Each structure stands twice: as C-alpha cells, then as structure tokens.
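For reference, the structure is listed below as structure tokens.
The values are calculated or read from the model by the stated rules, or taken from the named source; none is laboratory data. The model shown is predicted, which means the values in this text are computed figures rather than measured ones. Note that we place each Cβ from the backbone using ideal geometry, even for glycine, and neighbour counts take in every protein chain shown. Heads up: the accessible areas ignore ligands, DNA and RNA and are worked out on the full protein's heavy atoms, side chains in. Shrake-Rupley method; radii C 1.70, N 1.55, O 1.52, S 1.80 Å.
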Amino acid sequence: MLPARFDYVAASSVEEAIAAKAQGGDESRILAGGQSLLPMMKLRFATPANLIDINRIGGLDTIERHNGHLHIGALVRHADIAASGEVSGAVASAAPWIADPLVRNLGTMCGSVAHCDPEGDWNSVLLATGAEVIAQGPSGSRSIAIGDFVEDFFTNTLADDEMVVALHIPVPSGRSGGSYQKLERKVGDYATVGVAAHLELAGDGTISAAGVAMTSVAPINRKATGAEAVLVGNAPSAELFAEAGEAAAAAADPRDDVRGSARWKRRVVAAFTRRALAAAAEEAQA
Ligand SMILES: Cc1cc2nc3c(=O)[nH]c(=O)nc-3n(C[C@H](O)[C@H](O)[C@H](O)COP(=O)(O)OP(=O)(O)OC[C@H]3O[C@@H](n4cnc5c(N)ncnc54)[C@H](O)[C@@H]3O)c2cc1C
C-alpha cells in the first residue's frame with residue numbers, strides 16, 4: 001500500500017523542526033530513521049499531514065559522557081550505540097538485540113523511545129537505568145523522567161510543539177552493571193519477553209540501587225518495582241535473584257498470542273530476570 005498524501009519539510013535546525021511541528025500541531029510527525037513511522041504510513045495506520053525530516057540537522061548524532069550521564073542525541077542510530085566505546089551495562093547489552101542490521105543502521109534510540117511501542121526494547125533499558133528524555137519546544141528544553149514520558153502504548157507526553165533532542169542515562173560513579181536479556185523467535189524479531197536489569201553496589205558489596213523493567217509483557221514497558229524492592233540493601237546471590245525473578249513475574253501482565261501462552265511468558269520473565277541480574281552483578285563486581 002502507498003502512504004496517504006503528506007507535506008514534507010527537511011529541517012536544517014532543531015528550531016526549524018520545532019516551528020514546523022508547532023505549525024502543523026497533532027497532524028505533524030518527526031521523521032528520524034523511519035523504521036517504525038514509514039511502515040505505519042504505508043499501512044495507513046499513521047496518516048500525518050506533515051512530515052518533518054530531522055536527518056539533515058547537525059549535532060544530533062553524538063554519544064558522550066558528561067555531568068554524570070550518557071548523552072545520546074536524537075540522530076544516534078541503534079548501530080552507533082552497538083559500536084560505541086562510551087556505553088556499558090544494560091545499554092551496551094541491549095544494542096545488538098534491536099531488530100536486524102538494516103533497521104539498526106537507520107533506526108534511532110530517540111525515535112524508538114518516542115514511538116512507545118511496548119515491544120520496543122529501549123524503553124525497558126531506560127526504565128531500569130532511570131533515564132530522562134530531553135524535549136525541546138519553542139520556549140526551551142525540559143527533562144522528563146522516562147516513567148512520565150510514556151503515557152500509554154504508542155503515546156508519549158510530548159506537547160505538539162516539542163521534539164526529543166536527546167536521552168540522558170545516568171552513569172553511576174561507583175560500581176555498577178547491567179544487562180538486557182531478550183527471547184525472540186528468530187533473529188531480528190521483536191521480544192517475546194525482554195528484561196533489563198541495572199545494579200549499583202555499595203562499598204560493602206550490598207545492592208544500593210536496582211532497576212528492573214520488562215518488554216512485551218504489559219500494555220507498556222513495565223518497571224518491576226517489587227523486584228527492585230527485594231534487591232536493595234541485600235547482598236547479590238542466586239537466591240535473592242530468584243526471589244526478584246518471582247516478583248517480576250508477578251508484576252508482568254502478558255497475553256496469550258502467537259509467541260506463546262501468558263503462563264509460559266511469566267516463567268520466562270522469572271528466568272530472564274534472574275539471568276539479567278546475575279550478569280549485572282558480575283559486571284558490577286568485575
Ligand atoms: C523489521 C523491523 C524489526 C524491528 N525490530 C525491533 C526490535 O526487535 N526491537 C525494537 O526495539 N525495535 C524494533 N523495530 C523498531 C525500530 O527499532 C525503529 O527504529 C524504532 O522503533 C523507531 O526509530 P526511528 O528512528 O526509525 O523512528 P521513526 O520511525 O522515524 O519514528 C517513530 C515515531 O517516533 C517519532 N519520533 C522519532 N524521532 C522523534 C524525535 N526526535 N522527537 C519526537 N518524536 C520522534 C516519529 O514521529 C514517529 O511517531 C523494528 C523495526 C522493523 C522495521
């Protein structure tokens with residue numbers, strides 16, 4: 001199928017993109033990698049009147065560490081993250097699991113986050129690490145906690161005249177580690193189940209902070225707060241991680257579908273949470 005008619009703007013600056021978005025209101029869409037938007041337009045699930053292409057804007061493709069966080073610009077592709085020496089923990093672990101090489105070469109992390117697909121992997125990583133979305137509008141930029149950014153499936157809390165310019169992922173100063181575990185039916189598929197884990201260790205080796213979040217097992221990527229509460233203040237161990245796995249499974253709300261039964265997916269959540277936590281602890285202790 002062909003997309004419906006649309007107007008096209010190739011913005012040369014963030015300001016120009018925001019002005020075009022403000023003018024078009026909710027009929028406008030930012031075009032980044034196009035790996036989710038264009039298929040939706042071809043199927044006519046999305047029929048934006050205006051497409052604002054941000055691919056020619058300079059300075060949005062940087063990955064850098066400053067002020068205690070990792071800055072990932074709006075034009076950083078999944079493949080850039082997979083190849084970057086700046087990333088570690090759950091971010092580095094998840095990057096090679098996003099889609100396939102073709103999609104990774106074009107799709108952006110910010111686009112994936114803005115898309116709010118509950119089967120998308122990045123929003124679980126951002127929930128586990130406590131990341132923030134940097135949105136820019138006509139009157140400046142603001143920082144939105146990822147948990148407040150995702151409103152519902154395929155719905156974010158950006159205003160019509162705002163765009164995402166970057167993501168900020170905290171880089172802990174002490175010992176930390178993370179992992180993303182994904183079950184997929186075949187290479188390049190969306191997750192049947194995905195679990196992101198992030199751990200920080202205190203001087204005595206106990207867990208001082210923990211993040212666990214799940215993909216494809218709820219209407220939005222879901223933080224397993226019960227599992228996080230089980231972990232904090234305790235020493236890492238297989239028994240503790242098994243307990244956290246059960247807490248995560250209890251928080252999951254999967255559906256029966258072609259990928260498997262809800263009951264089975266809950267067991268996968270428990271097992272993958274254990275694995276993700278064990279890998280995160282190993283990295284933190286190294
Ligand atoms: C075959 C296939 C397999 C895939 N498998 C996976 C997978 O396993 N895991 C996974 O996580 N994803 C997967 N994806 C999705 C892929 O990761 C997309 O790249 C990603 O979802 C969107 O990024 P994009 O840059 O292509 O965004 P686009 O398609 O350009 O945009 C997506 C949406 O986000 C909005 N948007 C984009 N950038 C911004 C911005 N800066 N500010 C505000 N709004 C913005 C757009 O307006 C649109 O609504 C797959 C896609 C395909 C085609």
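Table: residues versus (1) touching a Lys or Arg at 6+ places or on another chain (Cβ under 8 Å); (2) at pLDDT 95 or above; (3) assigned by TED's automatic domain parsing to the domain that holds ARG259; (4) aliphatic (A, V, I, L, M).
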position	(1), (2), (3), (4)
LEU70	no, yes, no, yes
ALA74	no, yes, no, yes
ALA99	no, yes, no, yes
ASN105	yes, yes, no, no
ASP121	yes, yes, no, no
LEU126	no, yes, no, yes
SER141	no, yes, no, no
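Restricting attention to region 241-286, report how many residues are touching a residue at least 12 places away in the same chain (Cβ under 8 Å), of a type in the set (A, V, I, L, M) and more than 16 Å from LYS182 (Cβ to Cβ). Of the residues in region 241-286, 9 are touching a residue at least 12 places away in the same chain (Cβ under 8 Å), of a type in the set (A, V, I, L, M) and more than 16 Å from LYS182 (Cβ to Cβ). Of all residues in region 95-114, those being assigned to a helix (DSSP H, G or I) and either closer than 21 Å to LEU183 by Cα or acidic (Asp, Glu) (or both) number 10. For region 249-263, the criterion of being more than 25 Å from THR155 (Cβ to Cβ) and open to solvent by less than 30 Å² (accessible area, probe 1.4 Å) is met by at least one residue. Among residues of region 1-23 that are charged (D, E, K, R), those with a beta-carbon under 6 Å from a residue that is in a strand (DSSP E or B) and open to solvent by less than 30 Å² (accessible area, probe 1.4 Å) at least six positions away or on a different chain give the pairs LYS21/SER28; LYS21/ILE52.
Taking the criterion of being of a type in the set (Lys, Arg), more than 9 Å from the ligand (Cβ to nearest atom) and over 21 Å from the mean Cα position of the chain (by Cα), would at least one residue in region 56-79 satisfy it?
Kept after step one, since they are of a type in the set (Lys, Arg), are these residues of region 56-79: 56, 65, 77.
After this cut, where a residue has to be more than 9 Å from the ligand (Cβ to nearest atom) as well, the list is 56, 65.
Among the residues that remain, those that are also over 21 Å from the mean Cα position of the chain (by Cα) are: 56.
Yes, region 56-79 contains a residue that is of a type in the set (Lys, Arg), more than 9 Å from the ligand (Cβ to nearest atom) and over 21 Å from the mean Cα position of the chain (by Cα).
Considering only residues in region 1-26 that are of a type outside the set (Ser, Thr, Tyr) and open to solvent by 90 Å² or more (accessible area, probe 1.4 Å), the one that is nearest to ALA74 (Cα to Cα) turns out to be GLU15.
Cβ-Cβ distances below 7 Å connect the following pairs, each with a first residue in region 111-131 that is over 15 Å from ASP152 (Cα atoms), a second residue that is part of a helix (DSSP H, G or I) and within 6 Å of the ligand (Cβ to nearest atom), and a separation of six or more residues or different chains: TRP122/SER112. Within region 98-112, the set of residues being more than 6 Å from the ligand (Cβ to nearest atom) and polar (S, T, N, Q) comprises ASN105 only. Figure legend. Inter-residue proximity from region 26-47: first residues within 6 Å of the ligand (Cβ to nearest atom), second residues of a type in the set (S, T, N, Q) and part of a helix (DSSP H, G or I), beta-carbon distance below 8 Å, spacing 6+ or different chains. Indicated pairs: SER36/SER112.
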